[in-house]
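The block underneath contains the structure these notes are about, expressed in structure tokens.
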């Protein structure tokens, strides 16, 4: 599969260095006999915003805490900008972290919170004051400088936490579920705001999230984690269009997965016999694998077409009954049950029926599903 | 439980009886402290003579002074040691002997005071035999005994507060470059200051009214207030003691009211500030998220 070297570019088009900046090599973290992080290798480039995405308990937070120095890895190495920081104490690392709970010091004002890290570095007073002002302007909180954290709203607290973690100009910024504590509406607005701030500062950033939308909106590259292992790394587009395993395909967006065996294997054409589909899936490119191999084909719901006409058995097609319709305004999601019992999801734009001069199909109606042979992705695991 | 229904009459009666049982003795004690008669049980008219004679009683004045000195000294020591112990119990996780340590820390609270007092007395006597120190029993030995007792209470209060506090606050401080010692003084200590203050006050009250341990550990010339009261009562009730008790009740009452008021108003202010912050957040954001105006009105 594609190895994410295709031009990574952040949303604002900031230039990303191609040289590895942070290298995580063979990192392992064991709690008792349990592998919380299982041999993870990862390379991050300078100025990149990287998202570690996975469900809770997948090891992403442990990995982040090892980068921050809060956990000592069982094995492996972390190299940041040419310096081995594996054994460095958290207070000696040029890394700062924004905590999920923000961890703002409740007995200090906004200003004092932001200045805390700078004071630890024993910077001269005027420099600290200047940097604090700069940070307050960056997050637009200057008029709240002398407030205590509990006098701020959730969104403002998040910005204070960000300012505090950026104040020391860290070589690497870690964000632990940066928007997890905000409600959904505020979260969407804050996502882009946060990315803009990070790009203004130009900091290299690793964030941890369980929210795929957040990861895809904010990050230039995403790493999918499950059960302590890093399954796939790539740009949001690569991960969505070319998942390398069923977990990734199902975790990122919706998909239909059909299991089956390879029955025709030619350089320009593969056919998979799938009992679930009740037919063959044809793909217009070759794969590397022997005949008879168990594989899975992933087809995104937006690639599945619906029509009413006569059904002629053919590859990449089946006939089924509409079981459920979720009407979402500009599009609808149809759940079509095939004779095998498998339910296939199909996303159909509302204009599709209007343009064809047809009534939209209703519950219980028999319809044909089909897709183009260039669209399915073959997965071997 | 009663879903806002009025309490049944019988329950109200029981409640009233309970409160009467608790407070009638204290109220009658205060009233009789203004008794002109020398007899405790016979009302002989209003007078403040017992208050006057109290002030003139050197024995009582010196006992009060000693009690306050010991209370302040042992509360201070208990707060220092108890805070450290509470911190270890809450933050160091499981280490070798952590269960034993926790058990031994809280033992003075549940151990019968007679045992604690007696064993400490034996310790001090044998110490005197071997090292010649402490040369006599008095302020120092009482202070040591009270500190042992109060420390346990402080440790428990501080530990439970520390467990409540988000650990990521300390981690954030470490992340921002502070070393463990500095984190303790800059972050942890301010956050548990309230628990430490209440531990201090608790220690003072424990030390002020301790009689058993004190009796074992005191020597000639070191008589605390509870000891004076107890010995006087054994010789027959005396209206002077009533006056002394009334003053104590008054002082404690004022003290509790003030502390309560301060705590409540602090909480009210905090709630108000939080509500204000939420309201601001609900209001529509000004264009550019308040950037322009915010910078212009900076202090």
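If a residue must be within 14 Å of chain B (Cβ to nearest Cβ) and in a loop (DSSP other than H, G, I, E, B), how many such residues does the range A:72-97 contain? Give the derivation first.
To start, the set of residues in the range A:72-97 that are within 14 Å of chain B (Cβ to nearest Cβ) comprises A:72, A:85, A:88-97.
So of that shortlist, the ones also in a loop (DSSP other than H, G, I, E, B) come out as A:72, A:85, A:88-89, A:93-94.
Total satisfying the criteria: 6.
Checking residue A:105 against (1) facing chain B (nearest Cβ under 9 Å); (2) in a helix (DSSP H, G or I); (3) under 23 Å from residue B:180 (Cα atoms): exactly one of these is not met. Which one?
Result: residue A:105 passes all but (2).
Looking only at the range A:338-345, decide whether some residue is over 30 Å from residue A:289 (Cβ atoms) and either assigned to a strand (DSSP E or B) or outside the structural domain of residue A:279 (by TED's automatic domain parsing) (or both). Working first, answer last.
Initially, the range A:338-345 is screened for residues over 30 Å from residue A:289 (Cβ atoms), giving none.
Within the range A:338-345 (the criterion being over 30 Å from residue A:289 (Cβ atoms) and either assigned to a strand (DSSP E or B) or outside the structural domain of residue A:279 (by TED's automatic domain parsing) (or both)), the answer is no, since none of the residues qualifies.
Answer yes if at least one residue in the range B:127-144 is buried (at least 23 other Cβ atoms within 10 Å of the Cβ), closer than 27 Å to residue B:260 by Cα, in contact with a helix residue (DSSP H, G or I) (Cβ under 9 Å, 6 or more places away or on another chain) and away from chain A (no Cβ under 14 Å), and no otherwise.
No, every residue in the range B:127-144 fails to be buried (at least 23 other Cβ atoms within 10 Å of the Cβ), closer than 27 Å to residue B:260 by Cα, in contact with a helix residue (DSSP H, G or I) (Cβ under 9 Å, 6 or more places away or on another chain) and away from chain A (no Cβ under 14 Å).
Name the one entry in A:179, A:175, A:198, A:123 that is away from chain B (no Cβ under 12 Å), out of contact with any helix residue (DSSP H, G or I) (no Cβ under 7 Å at 6 or more places or on another chain) and more than 18 Å from residue B:171 (Cβ to Cβ). Step through it out loud before you land on a result.
On the way: A:179 fails: out of contact with any helix residue (DSSP H, G or I) (no Cβ under 7 Å at 6 or more places or on another chain); A:175 fails: more than 18 Å from residue B:171 (Cβ to Cβ); A:123 fails: away from chain B (no Cβ under 12 Å).
So the residue among A:179, A:175, A:198, A:123 that is away from chain B (no Cβ under 12 Å), out of contact with any helix residue (DSSP H, G or I) (no Cβ under 7 Å at 6 or more places or on another chain) and more than 18 Å from residue B:171 (Cβ to Cβ) is A:198.
Looking at the range A:216-228, can you tell me whether even one residue there is under 24 Å from residue A:346 (Cβ atoms) and modelled with pLDDT of 85 or more? Can you show your working first?
Within the range A:216-228, the first condition is being under 24 Å from residue A:346 (Cβ atoms), and the residues that meet it are A:216.
Then keep just the ones that are modelled with pLDDT of 85 or more; that gives A:216.
The answer is yes, given that some residue of the range A:216-228 is under 24 Å from residue A:346 (Cβ atoms) and modelled with pLDDT of 85 or more.
Just the residues that are farther than 18 Å from residue A:42 by Cβ, surrounded by fewer than 20 Cβ atoms within 10 Å (Cβ to Cβ) and either assigned by TED's automatic domain parsing to the domain that holds residue A:316 or in contact (Cβ under 8 Å) with a residue 12 or more places away in the chain (or both), please, taken from the range A:217-249.
A:217, A:240, A:241, A:242, A:246 - these are the residues of the range A:217-249 that are farther than 18 Å from residue A:42 by Cβ, surrounded by fewer than 20 Cβ atoms within 10 Å (Cβ to Cβ) and either assigned by TED's automatic domain parsing to the domain that holds residue A:316 or in contact (Cβ under 8 Å) with a residue 12 or more places away in the chain (or both).
Is it fair to say residue B:265 is more than 14 Å from chain A (Cβ to nearest Cβ), at pLDDT below 80 and either under 22 Å from residue B:23 (Cβ atoms) or in a helix (DSSP H, G or I) (or both)? Let's see the steps before the verdict.
Values: more than 14 Å from chain A (Cβ to nearest Cβ): yes; at pLDDT below 80: yes; either under 22 Å from residue B:23 (Cβ atoms) or in a helix (DSSP H, G or I) (or both): yes.
Considered against the rule, which asks whether it is more than 14 Å from chain A (Cβ to nearest Cβ), at pLDDT below 80 and either under 22 Å from residue B:23 (Cβ atoms) or in a helix (DSSP H, G or I) (or both), residue B:265 comes out as yes.
Each row is one residue, and each column tells you yes or no for (1) loosely packed, with under 14 Cβ neighbours inside 10 Å; (2) touching a residue at least 60 places away in the same chain (Cβ under 8 Å).
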residue	(1), (2)
B:8	yes, no
B:12	yes, no
B:31	yes, no
B:52	yes, no
B:66	no, yes
B:70	no, yes
B:94	yes, no
B:102	no, no
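Could you tell me how many of the residues in the range A:33-71 are assigned to a loop (DSSP other than H, G, I, E, B), touching a residue at least 24 places away in the same chain (Cβ under 8 Å) and either buried (at least 22 other Cβ atoms within 10 Å of the Cβ) or away from every other protein chain (no Cβ under 14 Å) (or both)? Spell out how you get there, then give the answer.
Step one: filter the range A:33-71 for residues assigned to a loop (DSSP other than H, G, I, E, B), giving A:33, A:46-48, A:54-59, A:69-71.
Narrowing the set further to residues that are touching a residue at least 24 places away in the same chain (Cβ under 8 Å) leaves A:46-48, A:54-56, A:58-59, A:69, A:71.
Now drop any that are not either buried (at least 22 other Cβ atoms within 10 Å of the Cβ) or away from every other protein chain (no Cβ under 14 Å) (or both), which leaves A:46-48, A:54-56, A:58-59, A:69.
So the count comes out to 9.
Scan the range B:226-240 and give yes if some residue there is out of contact with any strand residue (DSSP E or B) (no Cβ under 6 Å at 6 or more places or on another chain), touching a residue at least 12 places away in the same chain (Cβ under 8 Å) and assigned to a loop (DSSP other than H, G, I, E, B), otherwise no. Outline the logic, then answer.
Applying the first criterion (out of contact with any strand residue (DSSP E or B) (no Cβ under 6 Å at 6 or more places or on another chain)) to the range B:226-240 yields B:226-238, B:240.
Narrowing further to those that are touching a residue at least 12 places away in the same chain (Cβ under 8 Å): B:226-230, B:237-238, B:240.
Subsequent filtering for residues that are assigned to a loop (DSSP other than H, G, I, E, B) retains B:237-238.
Yes, the range B:226-240 has at least one match.
On the basis of being at pLDDT below 75, assigned to a helix (DSSP H, G or I), away from chain A (no Cβ under 14 Å) and more than 30 Å from residue B:110 (Cβ to Cβ), does residue B:257 make the cut?
Numbers: at pLDDT below 75: no; assigned to a helix (DSSP H, G or I): yes; away from chain A (no Cβ under 14 Å): yes; more than 30 Å from residue B:110 (Cβ to Cβ): yes.
Judged against the criteria, residue B:257 is not a match.
Scanning the range A:140-153 for residues that are over 18 Å from residue A:100 (Cβ atoms), surrounded by fewer than 21 Cβ atoms within 10 Å (Cβ to Cβ) and touching a residue at least 24 places away in the same chain (Cβ under 8 Å), which turns out farthest from the chain's Cα centre (by Cα)?
Result: A:146.
Any residue that is part of a loop (DSSP other than H, G, I, E, B), within 30 Å of the chain's Cα centre (by Cα) and surrounded by 14 or more Cβ atoms within 10 Å (Cβ to Cβ) - is there at least one of those in the range A:300-311? Reasoning before the result, please.
First pass over the range A:300-311, keeping only residues part of a loop (DSSP other than H, G, I, E, B): A:300, A:304, A:308-311.
Remaining after also requiring within 30 Å of the chain's Cα centre (by Cα): A:300, A:304.
Then keep just the ones that are surrounded by 14 or more Cβ atoms within 10 Å (Cβ to Cβ); that gives A:300, A:304.
Yes - at least one qualifying residue is present in the range A:300-311.
Is it true that some residue in the range B:173-186 is farther than 19 Å from residue B:79 by Cα, within 14 Å of chain A (Cβ to nearest Cβ) and in contact with a strand residue (DSSP E or B) (Cβ under 8 Å, 6 or more places away or on another chain)?
Yes, the conditions are met somewhere in the range B:173-186.
Out of the range A:154-171, which residues are surrounded by fewer than 20 Cβ atoms within 10 Å (Cβ to Cβ) and assigned to a loop (DSSP other than H, G, I, E, B)?
A:169, A:171
In this structure, is residue A:137 more than 29 Å from residue A:66 (Cα to Cα), without any contact (Cβ under 8 Å) to a residue 12 or more places away in the chain, at the interface with another protein chain (Cβ under 10 Å from one of its Cβ atoms) and surrounded by fewer than 16 Cβ atoms within 10 Å (Cβ to Cβ)?
On the way: more than 29 Å from residue A:66 (Cα to Cα): yes; without any contact (Cβ under 8 Å) to a residue 12 or more places away in the chain: yes; at the interface with another protein chain (Cβ under 10 Å from one of its Cβ atoms): yes; surrounded by fewer than 16 Cβ atoms within 10 Å (Cβ to Cβ): yes.
Judged against the criteria, residue A:137 is a match.
The values are calculated or read from the model by the stated rules, or taken from the named source; none is laboratory data. Remember, it's a predicted structure, so these values are computed and weren't measured experimentally. Cβ: placed from backbone, ideal geometry, glycine included. Neighbour counts: every protein chain shown.
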